[in-house]
Amino acid sequence: MKTVTLEVSSRADVTRRAVEAFRGRKQHARISFATPELLWKVLTTRRWQLLKIMAGQGPLTIRGVARRVRRDVKAVHADVHALLDAGVLTRTSQGIVFPFDAVRVDFTLHAA
């Protein structure tokens with residue numbers, strides 16, 4: 001099973017992991033956000049639904065995704081592009097891909 005971790009992490013943590021990867025140390029698939037608020041802004045309820053439908057399915061068209069979730073193509077188009085801009089989805093010559101079978105969310109809420 002191919003799993004991606006969505007996390008909140010600092011720029012220093014992301015840089016440290018990148019350096020480790022360049023040194024040949026295997027890294028797990030991660031998509032990092034600067035704050036929990038940004039993570040939840042990008043990953044709305046409807047966008048989570050898209051990821052659930054797309055997980056492990058290979059390349060899909062936006063129209064095909066809209067049919068699967070029974071939503072308007074224009075609204076799905078906007079959500080797909082927000083996920084593409086955030087690096088959560090990937091565009092290939094065959095369509096839009098979420099190349100993972102599972103998603104793990106990892107962050108810690110600290111007291112104010």
Task: Close pairs (8 angstrom Cβ cut-off, 6 or more residues apart or separate chains): under 16 Å from Leu43 (Cβ atoms) in region 83-110, among the acidic types (Asp, Glu) anywhere - done: Val105/Glu7; Asp106/Glu7; Phe107/Glu7
Open item on the list: Take the conditions more than 15 Å from Ala82 (Cβ to Cβ) and touching a residue at least 60 places away in the same chain (Cβ under 8 Å) and apply them to Thr35. Does it pass?
Closed with: no
- [ ] State which residue is nearest to Leu83 (Cα to Cα) when the search covers only region 6-32 and only residues that are in contact with a helix residue (DSSP H, G or I) (Cβ under 6 Å, 6 or more places away or on another chain) and surrounded by 13 or more Cβ atoms within 10 Å (Cβ to Cβ).
- [x] Ser32
Task: Test for Asp85: is it within 22 Å of Ser32 (Cβ to Cβ), surrounded by fewer than 15 Cβ atoms within 10 Å (Cβ to Cβ) and not polar (S, T, N, Q) - done: yes
TODO: Being at pLDDT 90 or above, under 26 Å from Arg11 (Cα atoms) and surrounded by fewer than 16 Cβ atoms within 10 Å (Cβ to Cβ) narrows it down to one of Trp48, Trp40, so name that one.
DONE: Trp48
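The values are calculated or read from the model by the stated rules, or taken from the named source; none is laboratory data. Predicted model, so just to flag it, every value in this text is computed and none were measured. Cβ: placed from backbone, ideal geometry, glycine included. Neighbour counts: every protein chain shown.
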